[in-house]
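Peer 1: Take a look at the following structure, please.
A short reminder: the numbers here are calculations on the coordinates, not readings from a lab. Everything numeric here is computed off the predicted structure, so don't read it as measured data. Cβ: placed from backbone, ideal geometry, glycine included. Neighbour counts: every protein chain shown.
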Amino acid sequence: MRFASFLLALTFFVPAAPAAESIDAAAVDAIVRDGLKSWQVPGAALAIVRGDEVVYLKAYGVREVGTDKAVTPDTLFAIASCSKAFTATAAGLLVDDGKMTWDDPVRKHLDWFHLSDPLADRDASIRDLLCHRTGLARHDFLGSGTDLGRDDIVRRMAHVRPAHPFRSAFEYNNNMYLAAGQAVGAASKGSWDEIVTKRLFEPLGMKGATCSAKEAGKDPEHALPHRRKKDGTVEVLPWHDYLDRIGPAGSIYASARDMARWLRFQLGDGTFEGQRVLKAETLAETHSPQVVVRLEGPVKVAYPDTLQLAYGLGWFVHDHRKHLAYSHTGGLEGFRARVVLLPKEKLGLVLLMNSGVGSSFASMHYVVSNSLLDLLLGLEKKDWDRHYTAGAKGLREAAEAAIRQRDRARHTDTKPSRDLAAYAGTYEDAAYGEAKVSLREGALWLEWGRSKIKLEHFHYDTFVARQEKPEGRDPLDNQLASFVLRADGEVGTLRLLGEEFRRVGK
């Protein structure tokens, strides 16, 4: 209670220009405050736009728990996957320039781009990358778990197997968005970062926005990431910039004031303050449905009242209680964000927060934004907090149940086929690179990417990766590592992260 009272007392409000239609500021404020308290979020910032006017801009709480460093409307937050709309819009700029079309083959701009599916390899287009229909699963470990460069991450995706046939289903993929951003850079004779900065941030007056977490960390007003520990307390996380490796998919940092300008632009006709930035038809194409998204599993938790859900180019296209909406969420360790546009009502909002509590599909960013939409639209109140609290609990319990089921299937009283020393060696996979297994002080240790983690025997020739600290951040924690013997009895293969690493050397 002391934590909630302290952070809610720290608010920073900037009066917005008078709007043609008044907004119930007290009701808005109450919704955000309730969300902060319920979800134990240290700080947040909110902007609401009606037409071309910012009708609400306010900051709440602190940038770092345990301090009095107040969030302001200019505090930088990670917008994470809300960056994808910037990448799609940047592609649109090149479409307007005649340097690219939505349906250009990716290899027209990246001649080294390849995918393992022959059809996808030949026909994958810029549009396919931007609407997540290549058929490839996420493989986020290539970006978050390694030190690979941007081009190298995309090159590695040529060696992974598709999860679905090409163009048959929506399959969210950050690495394909990275490929789209690299294609934008190549077509513009520059880089994704340059075109987003020079042709979006600067014309829109987004003075604090940056494409780099590394740069955001130098800003004296950046918010720090937080999480809720198992004991219920909130802790600060170390600053991390690994998403810079997949920049076009999610590395942008911006303030609520910056994002209010983005909302104004997105609600318009491609102009901003009298200057043409993008053709109206090009902007409209990014908002147009491209692929159906099935309403099931975690997606159904996130969109419980949605009748139809699709993905455009950088935007989810759906209905909020029968009102057309374009939206996107952003989630990475310690941050959450949500942007929502209601095009027919010319309304938009952005909520930024410095906590990753809950799930990417169920957290304060959904609770508050949905409650605000109901308020702004004059809809009957709904207990979104109850829904998403239950949803987050259900998703967490489902994940825990899957682990328990796995562990129940464990064959006890078994032992490895060989002495532990026989498993030590170097293993390689075309996509995931090199994994090293070593024997130290009677235990196996696995090194892959930035991970260095102990392997505990699970059963037979399968081990489970265990980090030493219960709340550490090793991405391989709790992953199974299975070894397969060759016909001669020697260890030949390591199965890890769904891939097969072949042993090299002796």
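Peer 1: Mind listing which trypsin sites (Lys or Arg not before Pro) in the stretch 282-385 are in a DSSP loop and have 15 or fewer other Cβ atoms within 10 Å?
Peer 2: Answer by residue number: Arg294, Arg321, Lys322, Lys344, Lys346, Lys381, Lys382.
Peer 1: Here's another thing I want to ask about it. Quick one: P(r) of the stretch 100-180 from all Cα-Cα pairs, 10 Å bins, percents rounded to integers, in order of increasing distance.
Peer 2: Cα pair-distance distribution for the stretch 100-180, in percent: 20, 58, 21, 1.
Peer 1: If I take every Cα pair under 8 Å that is 6 or more residues apart in the chain, average their sequence separation and divide by the length, what percent do I get for the relative contact order?
Peer 2: Result for the chain is 15 percent.
Peer 1: A further question on this structure: Among Ser38, Ser355, Ser125, which comes first, second and so on when ranked by fewest other beta-carbon atoms within 10 Å?
Peer 2: Fewest-to-most ranking of Ser38, Ser355, Ser125: Ser38, Ser125, Ser355.
Peer 1: Using a/c under 1.5 as the rounded threshold, could you call the stretch 334-462 rounded, prolate or oblate? The axes a ≥ b ≥ c are square roots of the C-alpha gyration tensor eigenvalues, and prolate needs a/b larger than b/c, oblate otherwise.
Peer 2: Prolate shape, in that a/c is at least 1.5 and a/b is the bigger ratio.
Peer 1: Give the shape of the stretch 327-384 as rounded, prolate or oblate, defined through the alpha-carbon gyration tensor: a ≥ b ≥ c are the square roots of its eigenvalues, a/c under 1.5 means rounded, and otherwise the shape is prolate if a/b is larger than b/c and oblate if not.
Peer 2: Judged from the Cα gyration tensor, the stretch 327-384 comes out oblate (a/c at least 1.5, b/c at or above a/b).
Peer 1: Then there is this: At a threshold of 8 angstrom on Cα-Cα distance, excluding pairs fewer than six apart, so keeping six or more, what relative contact order does the stretch 100-180 reach in percent?
Peer 2: Computed over the stretch 100-180, the figure is 39 percent.
Peer 1: Same structure again: Near Lys108, which lysines are there with a Cα under 17 Å away, not counting those fewer than 8 places off in the same chain?
Peer 2: By straight Cα distance, Lys108 reaches Lys99, Lys189.
Peer 1: Also: Per the helix-only calculation at 222 nm, which mean residue ellipticity applies to the chain, given -39500 (n - 2.57) for every DSSP H run of n ≥ 4 and division by its residues, nearest 500 deg cm²/dmol?
Peer 2: -8500 deg cm²/dmol
Peer 1: Oh, and also: Give me His287, His411, His318 sorted ascending by neighbouring Cβ count inside 10 Å, so fewest comes first.
Peer 2: Least crowded to most crowded, the residues run His411, His287, His318.
Peer 1: Here is a follow-up. Compute the projected area of the convex hull of the Cα atoms of the chain, averaged over all viewing directions, and report it in nm² to one decimal place.
Peer 2: If you wrap the Cα atoms of the chain in a convex hull and average its projections, you get 24.6 nm².
Peer 1: Starting from a Cα-only point model with no solvent, please compute log10 I(q)/I(0) by Debye for the stretch 273-334 at q = 0.16 1/Å.
Peer 2: -0.60
Peer 1: Within the stretch 278-336, which GluC sites (Glu not before Pro) sit in a loop by DSSP and count at most 11 neighbouring Cβ atoms inside 10 Å?
Peer 2: Glu296
Peer 1: Separate question: Would you mind pulling out the separation of the Cα centroids of the stretch 260-290 and the stretch 172-225, in Å?
Peer 2: Using only Cα atoms, the two centres lie 18 Å from each other.
Peer 1: Which lysines have a Cα lying under 25 Å from the Cα of Lys415, excluding residues fewer than 8 positions away in the same chain?
Peer 2: Cα-Cα hits under 25 Å: Lys436, Lys452, Lys454, Lys506.
Peer 1: In terms of Cα to Cα distance under 30 Å, which lysines are near enough to Lys381, apart from those fewer than 8 places away along the same chain?
Peer 2: Lys37, Lys58, Lys300, Lys322, Lys344, Lys346, Lys393
Peer 1: Distance between Cα centroids, the stretch 347-421 to the stretch 72-113: provide it in whole Å.
Peer 2: Result: 29 Å between the Cα centres.
Peer 1: How large is the translational diffusion coefficient of the stretch 420-504 in µm² per second when you combine the Kirkwood radius over alpha carbon pairs with Stokes-Einstein at 20 °C and 1.002 mPa s?
Peer 2: This corresponds to a translational diffusion coefficient of 167 µm²/s.
Peer 1: If packing is taken as the average number of other Cβ atoms within 10 Å across a peptide's residues, how do 134-141, 218-225, 392-399, 72-79 rank, most packed first?
Peer 2: In decreasing order of mean packing, 134-141, 218-225, 392-399, 72-79 become 72-79, 134-141, 218-225, 392-399.
Peer 1: Arranged by the count of other C-beta atoms within 10 angstrom, fewest first, what order do Ile453, Ile23 take?
Peer 2: Lowest to highest Cβ neighbour count: Ile23, Ile453.
Peer 1: For the stretch 214-289, state which chymotrypsin sites (Phe, Trp or Tyr not before Pro) are in a DSSP loop and have at most 14 other beta carbons lying within 10 Å of their beta carbon.
Peer 2: Counting only loop positions with at most 14 other Cβ atoms within 10 Å, the chymotrypsin sites (Phe, Trp or Tyr not before Pro) in the stretch 214-289 are Trp239.
Peer 1: Residue farthest toward the positive end of the dipole of the stretch 348-425, with Cβ of Lys/Arg at +1 and Asp/Glu at -1: which of Ser359, Gly425, Asn370?
Peer 2: Gly425
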